[in-house]
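Here is the structure we will look at, set down as structure tokens.
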Amino acid sequence: MTDTTFEAAQKRGRHRRPRNVLPGFGPALGFTTAYLSLIVLIPLAVLFGWSLSGGVAAFIELATRERTLAALRLSFGGAAIAAGINMVFGLLVAWVLSRYSFPGRKLIDAMVDLPFALPTAVAGISLATLYGPKGWIGGFLADYGIKVAFTPLGVIVALTFVGLPFVVRTVQPVLEDLDRQYEEAAATLGAGRLQTVRHVLLPALFPSLLTGFAMALARGIGEYGSVIFIAGNLPMRSEIAPLLIVIKLEEFDYRGATVVAATMLILSFLMLLAVNLLQAWTRRHSA
Amino acid sequence: MEISIKGVRKEFGSVAALRGVDLDIASGELVALLGPSGSGKTTLLRLIAGLEYPEGGQILFGGEDASLLPVKNRNVGFVFQHYALFRHMTVADNISFGLRVRSARRRPAREAIDARVRELLSLVQLPDIGERYPHQLSGGQRQRVALARAMAIDPAVLLLDEPFGALDAQVRKDLRRWLRELHAETRHTTVFVTHDQEEALELADRVVVMNHGVIEQSGRPEELYRHPSSAFVFGFLGSANIFPARVSAGAVHLEGMERPFAPAPAGQPDGRYRLFVRPHDLRPTDQPGLGFVGVVQEARFLEGIHRIAIAITGRRDPVELHLPAHETPPAAGSRIHLASERFGLFAA
């Protein structure tokens, strides 16, 4: 009798999808979708709607204006260069913090997070003062004919400042987890220090370096507060895209503002997609 | 290559890891460093490799002082306990790593490297996995790839740190036999570290027992098992029943027992001792004069041996007795009279 009911249950079950052992998939997915729609999707859709309100041709015309292109070039180029600088020196900081123990290590470790915590305007004003023609560093550099404040170089300095913690904080835990035995194995096989770094350590760190780069890049593209004080904001030269949006808003040019914003969004999305694909590719080769 | 270790000392902070170790390893020998954790066996292995430097003493490779030679110039094949395979490289790239990092002058041609990789893969009996990544392999396969990688550089000596520690029992047994055969074939001078006495006794030509940073005893497995020179070695190399005992008037007495246990070995001075006797060296006997009497608590049968626990008055732990399968074990609750001619006496 038990057999027949079991079989009957099996037969019934055949027409039904097997249930997931983790309960609550339906509500969880529903909530996630609703939440993402509310927070991300709907605002972005409205943004694209506004930007296209004058038609595609008008969008392209506005997006490819010289001043817009210059601002986009500075924002994306500056962010990429700053993220690249952070990738190199962030790795170095992470290396020092995770591999050596020295007095003051905890203090330096805490300082890395300051760019996160500091209000960006405060950071911007300090950087502008420091790197200005009369500032400590700016004055010194001016003697050698290098101008930082109120030039694209200043933009890069500010973006490097705000992006540093991203690389350090993504690489550091991986580096701490990376067992010394890999370095020792390379050494017993006859590899020199540089060969070990190049063939063993860097490939192991590459996925996390890439994550740090992507995060620093994303932050740099959208950064506003710390940049505007040091950049000087000369149109065509040291004006960043987020500032251009603010300027257009102040001129009540809402469509122009949303066009710049939408263009930034598309470019950011493409860059992050590329980084993610690269990451998936490297991950397939390590796991 | 023969290796000679002379008076090597090593400290970590204020903790002495090795306190003067002397050891000669003949070319082609397979040596086990056996000891409990903290005995210094892994430190000794890492000193031979050059992953640590000694505070005193010398390590000679083929008669030449290698004590201060950096690890990368020492030409040792080291197999790590958790293999340390490079995860982002294929098996073939892992194995050829030691050849590829050589300077252009000493680096073999591409084809020669590929041929060497194929040769090593077939030597470790994994001919078809060159293109796979380490995470696609089982533990036993990773172990063999790690060994192939270490052998690729034609090392002066192969050093293995707990080579079977991370594997499950059956794989461990298979790999042990396989490593024994591989050594017979290649005759690489090999030193491995283990805390498993069975592994050491089964695999090695010579077993070096270490404790508290010194070598307690070294010798062929059977010699060590039959003639342990200290209480530690006796206890570490197999199970043992331990009794407080004394020697007087030419006889060994167990504490609290009336009749003598056995005649005292020739020349054994009178005094207090600890007596060690292996469970399989104890024998039921009818002779009334020697030995001791106990009550059978329980008998179990495992791996072809009757394992019998015997309670003795005045002793908390039961005495363990092993009988071969063909003998009938005594019934639980029955009295049994045991004696032995083989035992060890060590200062109390």
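Read the figures in this text as sums done on the coordinates, not as results from a lab. Computed from a predicted model, the values in this text were never measured in an experiment. Please note: Cβ atoms are built from the backbone with ideal geometry, for glycine as well, and neighbour counts cover all protein chains shown.
Sequence gap at least 6, Cα distance under 8 Å: using those rules, report the relative contact order of chain B to the nearest whole percent. Please list the in-between numbers first.
On the way: 700 pairs, mean separation 56.1, N = 348.
Value for chain B: 16 percent.
Within 10 Å of each Cβ of B:78-90, how many other protein chain Cβ atoms are there on average? Could you put the intermediate results ahead of the total?
Working: counts 6, 2, 6, 1, 2, 2, 10, 2, 9, 7, 12, 5, 1.
Mean inter-chain Cβ contacts per residue within 10 Å come to 5.
Report the far tail of the P(r) of segment B:3-230, meaning the percent of Cα-Cα pairs longer than 27 Å.
On the way: 8710 of 25878 pairs.
For segment B:3-230, the fraction of Cα-Cα distances above 27 Å is 34 percent.
When you look at the Cβ of every residue in A:190-198, what mean number of other chain Cβ atoms sits within 10 Å?
Values: counts 16, 7, 5, 1, 0, 5, 2, 0, 1.
Mean inter-chain Cβ contacts per residue within 10 Å come to 4.
Using per-residue counts of other Cβ atoms within 10 Å, averaged over each peptide, order A:124-135, B:203-214 from highest down. List each step's numbers first, then the result.
Details: A:124-135: 18.4, B:203-214: 21.3.
Listed from highest to lowest mean packing, they are B:203-214, A:124-135.
Over all alpha-carbon pairs in chain A, figure out the percentage whose distance exceeds 34 Å. Walk me through the intermediate numbers first.
Values: 16581 of 41041 pairs.
I get 40 percent for the Cα pairs in chain A exceeding 34 Å.
Would you calculate a helix-derived [θ] at 222 nm for chain A, using -39,500 (n - 2.57) for each DSSP H run of n ≥ 4 and dividing by the full residue count, to the nearest 500?
Values: 16 runs with 215 residues, N = 287.
Here the helix-only value at 222 nm equals -24000 deg cm²/dmol.
Check every DSSP H run in chain A and write down those whose alpha carbon atoms cover 15 angstrom or more along the long axis and whose mean Kyte-Doolittle hydropathy is 0.5 or greater. All intermediate terms of the calculation are to be shown ahead of the outcome.
On the way: long enough: A:2-14 (18 Å, -1.50); A:25-36 (16 Å, 0.97); A:66-99 (48 Å, 1.15); A:120-131 (16 Å, 1.48); A:152-177 (38 Å, 1.33); A:202-222 (29 Å, 1.32); A:254-284 (44 Å, 1.07).
Helix filter hits for chain A: A:25-36, A:66-99, A:120-131, A:152-177, A:202-222, A:254-284.
Which whole number gives the average, over all residues in B:128-138, of C-beta atoms from other chains lying within 10 Å of the residue C-beta? Walk me through the numbers on the way to the answer.
Values: counts 0, 0, 0, 0, 0, 4, 2, 2, 1, 0, 0.
Taking all residues of B:128-138 together, the mean is 1.
For segment B:3-230, with the dipole built from +1 on Lys and Arg beta-carbon atoms and -1 on Asp and Glu ones, taken about the Cα centre, which of B:L203, B:L60, B:P108 lies farthest toward the positive end?
Ranked along the dipole, the leading option is B:P108.
Under 28 Å Cα-Cα from A:K147, which lysines qualify once same-chain neighbours fewer than 8 residues away are excluded?
Straight-distance partners of A:K147: A:K134.
Check each of the GluC sites (Glu not before Pro) in segment B:284-342 and keep only those in coil by DSSP with at most 13 other C-beta atoms within 10 angstrom; list them in order.
Working: sites: B:E298, B:E303, B:E320, B:E327, B:E341; in loops: B:E303, B:E327, B:E341.
Of the GluC sites (Glu not before Pro), the ones in loops of segment B:284-342 whose Cβ has at most 13 other Cβ atoms within 10 Å are B:E303, B:E327, B:E341.
Along the charge dipole of segment B:299-348, which of B:A325, B:G304, B:F343 sits closest to the positive end, that is, farthest toward it, with unit charges on the beta carbon of Lys, Arg, Asp and Glu (+1, +1, -1, -1)?
The Cα lying farthest towards the positive end belongs to B:F343.
Can you sort A:R255, B:R74, B:R149 from fewest to most other Cβ atoms within 10 Å of each residue's own Cβ? Don't skip to the answer; put the middle values down first.
Working: A:R255 15, B:R74 21, B:R149 30.
Starting with the residue having the fewest Cβ neighbours, the order is A:R255, B:R74, B:R149.
At most 16 other Cβ atoms within 10 Å and a DSSP loop assignment: could you name the GluC sites (Glu not before Pro) in segment B:85-134 that fit?
B:E131
Would you mind pulling out the separation of the Cα centroids of segment A:114-191 and segment B:1-24, in Å?
Result: 46 Å between the Cα centres.
Take every Cα pair under 8 Å in segment B:240-348 that's 6+ residues apart, average their separations, divide by the length, and report that relative contact order as a whole percent. All intermediate terms of the calculation are to be shown ahead of the outcome.
Working: 241 pairs, mean separation 32.3, N = 109.
Computed over segment B:240-348, the figure is 30 percent.
Quick one: pull the percentage of alpha-carbon pairs in the protein assembly as shown with a separation above 38 Å. Walk me through the numbers before you get to the answer.
On the way: 118401 of 201295 pairs.
Value for the protein assembly as shown (Cα pairs over 38 Å): 59 percent.
For segment A:180-241, which trypsin sites (Lys or Arg not before Pro) pass both filters: DSSP loop (anything but H, G, I, E, B) and at most 14 other C-beta atoms within 10 Å? Display every interim value, and only then the final one.
Numbers: sites: A:R180, A:R193, A:R198, A:R219, A:R237; in loops: A:R237.
Passing sites in segment A:180-241 are A:R237.
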